[in-house]
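Engineer: What follows is a structure written as structure tokens; I'll ask about it next.
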Amino acid sequence: MATITSLGVGSGLDLENLVSSLMQVERRPLTALQNQVKSYNAKISALGTLSSKLSALQTAAKGLTPATLQTPLDKFATFKASVADTAIASASAGPGAVAGSYSLEVDQLARNQKLTTAAFPGGASSSIATGTLTIDFGSVDGGVFTADPSRQASITITSENNTLAGLRNAINQANIGLSATIVNGTGGARLVISGQDGANQAFALSGLSGFEFDPADPSNGDFPTVQAAQDAMFSLNGIAATSHSNTVTGVIDGVTLTLTKETAPSTSTTLTVTRDNTTKLRESLDAFIKAYNDAVSTMKSQGAYNTETKTAGPLQGNSVLRNAETTLRNLIFDTTAGGSEPYQRLSDLGVGFAADGTLKVLDDKKLENAITANAASVAGLVAKVGKAFDESIERVVGLSGSIKISTDSMNTMIRDLNKRQEALETRLVTIEARYRKQFSALDTLMSNMSKTSSYLAQQLSNLPKLS
């Protein structure tokens, strides 16, 4: 019997399309499984977005919470420092500062040691001696230089770099705390070698002919122009102090002073440190409110149902979403300062829900007045709110939180559905093969019957006609 290689050729029927239609029906269970996987993946993605928004809110909530051993008021306090005569100094304040006013006198600015060689008429390419330039670092006190043996360095000058420019480059490349530059004056080129600020950064040069220098030797013929290293000397409220640098820290807790000019004898300027309890508290509260509204907006869209398009949000009816929504809203209303504090709830600070459902500061004046009247109480309430949100959100987004549990559960379901899909795919291959075998046999049978019918018709047409 002849074999049909293409369905429908023998019978003339559209058997290929028939097999395709039957397989579409057979694939319906597989399509249902695939749709389930898509649904779970959409939920997992939506939970990831929700977790991101809630984590941002948790970060903002932590911004309302003081560190260990820190009071809520200190958490939000910021300090500003200013100097009356800005030509003499500038100042900044940070953690640990205390409000106050100080009389500042600057007797002497810190300076770096600076050496200038004699003029070289030949310019930067002038030849110098070869050998080893030894640099001894130390300190100067009362004009007496004391070298520190642990801070010695050396630079080698050979026939390859024995020029003024070569020495300059060698000093700069050595990275030993010295800088060198060439100044071209009317008499020729001079090498200027500079150290760092402070009497403890003095240095002496030896070993290289023409570049000898000893800070304790006033003659120093090789270096006609000299600036000695010195510390800054100043006083605060009549208390004398020194600093190796003109940037002074540690003299007043939390305050950094930058000295720029010496004061005239018997004159002073005023350093003022002020405390601000409002700015950082308001900024932190505004950041929290924004993060809260972002999270609520995301949850609203994820759980919504669009009646026009008849489509539901990916987490509509999801218990994790519902519980998170309820928790956040209740925390706003239920978190209290406790005790006899004058401000018990956020509403006492003018914070509440606007007509559009967003959280906001409804009464700025009320908040400002509360901070002015009792900043410690306001800070304490805000810190309580921050802690409550932090702990509650952790139960949702943490490693053992409800989002992680729900996501793990859906991933397990997806793995099970994928295994079922693989098994069904294998079964569908067998089913299609069976259909094709059956229809191929039918096609062959109908082809043979058609041939038999044609043969019989031909034979009957050849029989003698009866009158």
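Engineer: Any chance the stretch 156-176 includes a residue that's part of a strand (DSSP E or B), under 43 Å from the mean Cα position of the chain (by Cα) and surrounded by 13 or more Cβ atoms within 10 Å (Cβ to Cβ)?
Structural biologist: Here is the first cut: in the stretch 156-176, the residues part of a strand (DSSP E or B) are 156-157, 163.
This time we only want the ones that are under 43 Å from the mean Cα position of the chain (by Cα), so: none.
No, the stretch 156-176 contains no residue that is part of a strand (DSSP E or B), under 43 Å from the mean Cα position of the chain (by Cα) and surrounded by 13 or more Cβ atoms within 10 Å (Cβ to Cβ).
Engineer: From LEU367, LEU331, grab the single residue that is in contact (Cβ under 8 Å) with a residue 40 or more places away in the chain, within 30 Å of ASP408 (Cα to Cα) and not hydroxyl-bearing (Ser, Thr, Tyr).
Structural biologist: LEU331
Each row is one residue, and each column tells you yes or no for (1) over 12 Å from ALA81 (Cβ atoms); (2) modelled with pLDDT of 95 or more; (3) surrounded by fewer than 18 Cβ atoms within 10 Å (Cβ to Cβ); (4) touching a strand residue (DSSP E or B) at 6+ places or on another chain (Cβ under 8 Å).
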{"site": "ASP231", "(1), (2), (3), (4)": "yes, yes, no, yes"}
{"site": "PHE234", "(1), (2), (3), (4)": "yes, yes, no, yes"}
{"site": "ILE239", "(1), (2), (3), (4)": "yes, yes, yes, no"}
{"site": "THR247", "(1), (2), (3), (4)": "yes, yes, yes, yes"}
{"site": "LEU259", "(1), (2), (3), (4)": "yes, yes, no, yes"}
{"site": "SER266", "(1), (2), (3), (4)": "yes, no, yes, no"}
{"site": "THR270", "(1), (2), (3), (4)": "no, yes, yes, yes"}
{"site": "ARG275", "(1), (2), (3), (4)": "no, no, yes, yes"}
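Engineer: Picking from LEU424, LEU428, LEU417, which residue would you name as being assigned by TED's automatic domain parsing to the domain that holds SER51, surrounded by 12 or more Cβ atoms within 10 Å (Cβ to Cβ) and touching a Pro at 6+ places or on another chain (Cβ under 8 Å)?
Structural biologist: After applying the criteria, what remains is LEU424.
Engineer: Among the residues of the stretch 387-400, write down those that are crowded, with 17+ Cβ neighbours inside 10 Å and either closer than 20 Å to ARG28 by Cβ or without any contact (Cβ under 8 Å) to a residue 40 or more places away in the chain (or both).
Structural biologist: Of everything in the stretch 387-400, nothing turns out to be crowded, with 17+ Cβ neighbours inside 10 Å and either closer than 20 Å to ARG28 by Cβ or without any contact (Cβ under 8 Å) to a residue 40 or more places away in the chain (or both).
Engineer: Does the stretch 26-73 hold any residues that are without any contact (Cβ under 8 Å) to a residue 24 or more places away in the chain, on the phi < 0 side of the Ramachandran plot and either crowded, with 16+ Cβ neighbours inside 10 Å or not in a helix (DSSP H, G or I) (or both), and which are they?
Structural biologist: Hits for the stretch 26-73 are ALA67, THR68, GLN70.
Engineer: What residue, among those in the stretch 201-249 that are within 43 Å of the chain's Cα centre (by Cα) and in a loop (DSSP other than H, G, I, E, B), is farthest from SER266 (Cα to Cα)?
Structural biologist: Filtering the stretch 201-249 for residues that are within 43 Å of the chain's Cα centre (by Cα) and in a loop (DSSP other than H, G, I, E, B), the one farthest from SER266 (Cα to Cα) comes out as ALA229.
Engineer: Could you list all residues from the stretch 357-384 that are more than 32 Å from the chain's Cα centre (by Cα) and not in a helix (DSSP H, G or I)?
Structural biologist: Across the stretch 357-384, the qualifying residue is only ASP363.
Engineer: Could I ask something else about it? For the stretch 74-98, give me each residue that is surrounded by 14 or more Cβ atoms within 10 Å (Cβ to Cβ) and closer than 23 Å to LEU285 by Cβ.
Structural biologist: Within the stretch 74-98, ASP74, LYS75, PHE76, ALA77, THR78, PHE79, LYS80, ALA93, ALA97 qualify.
Engineer: Moving on to the next point. From the list GLU325, GLU262, which residue is assigned by TED's automatic domain parsing to the domain that holds ASP390 and of a type in the set (Asp, Glu)?
Structural biologist: GLU325
Engineer: Shifting gears a bit: Go through the stretch 277-314 and count every residue that is under 26 Å from the mean Cα position of the chain (by Cα) and either closer than 20 Å to GLN58 by Cα or crowded, with 20+ Cβ neighbours inside 10 Å (or both).
Structural biologist: 20
Engineer: Within the stretch 395-413, count every residue that is among the hydroxyl-bearing types (Ser, Thr, Tyr), outside any helix (DSSP H, G or I) and under 12 Å from VAL320 (Cβ atoms).
Structural biologist: 0
Engineer: Related question: Anything in the stretch 272-326 that is within 30 Å of THR71 (Cα to Cα) and not in a helix (DSSP H, G or I)? List them, or say none.
Structural biologist: Result: THR272, VAL273, THR274, ARG275, ASP276, ASN277, THR278.
The values are calculated or read from the model by the stated rules, or taken from the named source; none is laboratory data. Quick caveat, the model's predicted, so the values are computed rather than measured. Positions of Cβ are backbone-derived with ideal geometry, glycine not excepted, and every protein chain shown enters the neighbour counts.
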